[in-house]
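Peer 1: Sharing a structure, written as structure tokens. Questions coming.
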Amino acid sequence: MTDGAPGTKPSNWNLPNALTTLRIVLVPFYGWALLVDGGDSVLWRTVAWGIFFVAMVTDKVDGDIARSRNLVTDFGKIADPIADKAITGMAFIGLSIIMDTWWMWTITIVVLVREWAVTLLRLSILKSVVIAAANSGKWKTFAQAGALGLLTLPLLEVDGWLDVPGEVVWVVGIALLLVAFALTLWSGYEFFRDVWKQRHQIRGGKADAAR
């Protein structure tokens, strides 16, 4: 594979896009492993954590490779956020099914509505204006990944000497989840605020594209 030369349009057939596609393919396998035996299987919850870990690592790797080798493509711009939202969305829904509490379902619904609303709006205005990711959004992503990763582990299903450490890590996971929820709301507000500030430029870009 050759790196994309400056000024040339890179092919969609490249490593970053392959890693993005892999993340999308992993989503149903992660969901299935997470929910085996209603989420009570220590083995399969651990497998689910491994899948989630791979997805989060490839998310970081494919972006770094795409930028460093000039392999950013239209497919990647669309598929990458979809892959991210698909794996985290599956995690939120799966954990809500397992925990089955009103507050977890509330967090899941609010987060999913915010995430997909921002993603779809970002993609719809992509050719008109680029809304840079705010620091709060980056911290939100980090907190979400940490919380969902920890809560995917069978922390409350283990027995013996892991009982207490499992409970401690579970509390840490819940704390991270609450932090992620707060950052999700704040970063969402920042995004829609920035879109509103650039509404005239966005309208102008769409008008030019329609000509």
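Peer 1: Would you mention how many residues in region 133-149 are surrounded by 20 or more Cβ atoms within 10 Å (Cβ to Cβ) and either farther than 18 Å from residue 58 by Cβ or aromatic (Phe, Trp, Tyr) (or both)?
Peer 2: Total satisfying the criteria: 3.
Peer 1: Being in a helix (DSSP H, G or I) and at pLDDT 85 or above, is that true of even one residue in region 128-135?
Peer 2: Filtering region 128-135 for residues in a helix (DSSP H, G or I) gives 135.
This time we only want the ones that are at pLDDT 85 or above, so: none.
Scanning region 128-135 turns up no residue that is in a helix (DSSP H, G or I) and at pLDDT 85 or above.
Peer 1: From the residues in region 76-102 that are more than 17 Å from the chain's Cα centre (by Cα) and open to solvent by 50 Å² or more (accessible area, probe 1.4 Å), which one is nearest to residue 33 (Cα to Cα)?
Peer 2: 97
Peer 1: Shifting gears a bit: Does residue 152 satisfy the condition of being surrounded by 15 or more Cβ atoms within 10 Å (Cβ to Cβ), at pLDDT below 95 and of a type in the set (Ser, Thr, Tyr)? Steps first, please.
Peer 2: On the way: surrounded by 15 or more Cβ atoms within 10 Å (Cβ to Cβ): yes; at pLDDT below 95: no; of a type in the set (Ser, Thr, Tyr): yes.
So residue 152 does not fit the description; no.
Peer 1: Which of (1) over 19 Å from residue 142 (Cβ atoms); (2) modelled with pLDDT of 95 or more; (3) open to solvent by 60 Å² or more (accessible area, probe 1.4 Å) is the odd one out, the single condition residue 53 does not satisfy?
Peer 2: Of the numbered conditions (1) over 19 Å from residue 142 (Cβ atoms); (2) modelled with pLDDT of 95 or more; (3) open to solvent by 60 Å² or more (accessible area, probe 1.4 Å), the odd one out for residue 53 is (1).
Peer 1: Any chance you could count how many residues in region 52-81 are of a type in the set (Val, Ile, Thr) and farther than 13 Å from residue 26 by Cβ? Full working, then the answer.
Peer 2: Step one: list which residues in region 52-81 are of a type in the set (Val, Ile, Thr), which gives 54, 57-58, 61, 65, 72-73, 78.
Imposing the further condition that a residue be farther than 13 Å from residue 26 by Cβ reduces the set to 61, 65, 72-73, 78.
Qualifying residue count, region 52-81: 5.
Peer 1: Now a separate question. Mind checking whether some residue in region 64-73 is open to solvent by less than 20 Å² (accessible area, probe 1.4 Å), outside any helix (DSSP H, G or I) and either among the aliphatic types (A, V, I, L, M) or touching a Pro at 6+ places or on another chain (Cβ under 6 Å) (or both)?
Peer 2: Narrowing region 64-73 to residues open to solvent by less than 20 Å² (accessible area, probe 1.4 Å): 66, 71, 73.
Narrowing further to those that are outside any helix (DSSP H, G or I): 71, 73.
Those still in the list that are either among the aliphatic types (A, V, I, L, M) or touching a Pro at 6+ places or on another chain (Cβ under 6 Å) (or both) too: 71, 73.
The answer is yes, given that some residue of region 64-73 is open to solvent by less than 20 Å² (accessible area, probe 1.4 Å), outside any helix (DSSP H, G or I) and either among the aliphatic types (A, V, I, L, M) or touching a Pro at 6+ places or on another chain (Cβ under 6 Å) (or both).
The values are calculated or read from the model by the stated rules, or taken from the named source; none is laboratory data. Keep in mind the model is a prediction, meaning the values are calculated, not measured. FYI the Cβ positions are ideal-geometry reconstructions off the backbone, even for glycines, and counts take in every protein chain you see. Heads up: the accessible areas ignore ligands, DNA and RNA and are worked out on the full protein's heavy atoms, side chains in. Shrake-Rupley method; radii C 1.70, N 1.55, O 1.52, S 1.80 Å.
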